[in-house]
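Here is the structure we will look at, set down as structure tokens.
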Amino acid sequence: LQYDTPDDYVLATGKTTTVREFVEKSFAHVGTTIKWVGETGTVDEVGVDAADESRVLVRIDPRYFRPTEVDLLLGDPSKAKKVLGWEATTDLDGLVKDMMDSDLAMVRGEKKDFDCSRS
């Protein structure tokens, strides 16, 4: 991909999803169903293990809120497709599988992409 003039491209699927859906799919990948309890969309809402609701697995941390929240984040890859011939080949389910399998391999000590001992 060598061009005489550099340019910016958005590499994206052109589809949107929520963090909630990503979290639910990630936990489902390891056989855990998340149940959301508390006031929806607030820091009081938590994700618990549906099989044992005393286990809180997800908490909303306001430190990670965007300073200016937007209603919709959606990447438009049309320029990358037109100019580079690039198209996304991984959907959300595939991304979750790849990320979870990679992280699980690191936890099991089968993969050393980064130092897991840091806190």
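Computed from the coordinates by the stated procedures, all read-outs in this text should not be read as laboratory data. Small disclaimer: the values here were computed from a predicted structure and weren't measured. Cβ coordinates were reconstructed from backbone atoms using ideal geometry, including for glycine residues, and neighbour counts include every protein chain displayed.
Give, in nm to one decimal, the length gained when the segment between residue 65 and residue 95 is fully stretched (0.36 nm per residue of separation minus the Cα-Cα distance). Don't skip to the end; give the middle numbers.
Details: separation 30, 0.36 × 30 = 10.80 nm, distance 2.30 nm.
Result for the pair: 8.5 nm of gain on full extension.
Tally Lys and Arg at +1 and Asp and Glu at -1 over the other residues with C-beta under 11 Å from the C-beta of residue 12: what net charge comes out?
+1
For the range 74-97, the residues whose backbone nitrogen is under 17 Å from a point 7 Å from the Cα of residue 5, taken along Cα to Cβ, are 79-80, 82-84.
In debye, nearest 20: dipole of the chain around its Cα centre with unit charges on the Cβ of K, R (+) and D, E (-)? Please list the in-between numbers first.
Details: 16 positive and 24 negative charges, 40 e Å.
Charge dipole, the chain, about its Cα centre: 200 debye, nearest 20.
Distance between the modelled labels on residue 42 and residue 105, one decimal in nanometres: 4.3 nm (7 Å Cα→Cβ projection). Projecting the Cα atoms of 16, 95, 36 onto the dipole axis of the chain, where Lys and Arg carry +1 and Asp and Glu carry -1 at the beta carbon, places 95 farthest toward the positive end.
Once you list every other residue whose beta carbon is under 11 Å from the beta carbon of residue 88, what net charge do they have if Lys and Arg are +1 and Asp and Glu are -1? Cβ neighbours under 11 Å give a net charge of 0.
What the pair-distance distribution of the range 1-118 shows, using all Cα-Cα distances binned every 5 Å from zero, is 2, 9, 13, 14, 17, 17, 14, 8, 4, 2, 1, 0 percent.
Any lysines with Cα under 29 Å of the residue 25 Cα? List them, leaving off those in the same chain fewer than 8 positions away. Counting by Cα, and skipping residues close in sequence, residue 25 has these lysines nearby: 15, 35, 81, 97, 111, 112.
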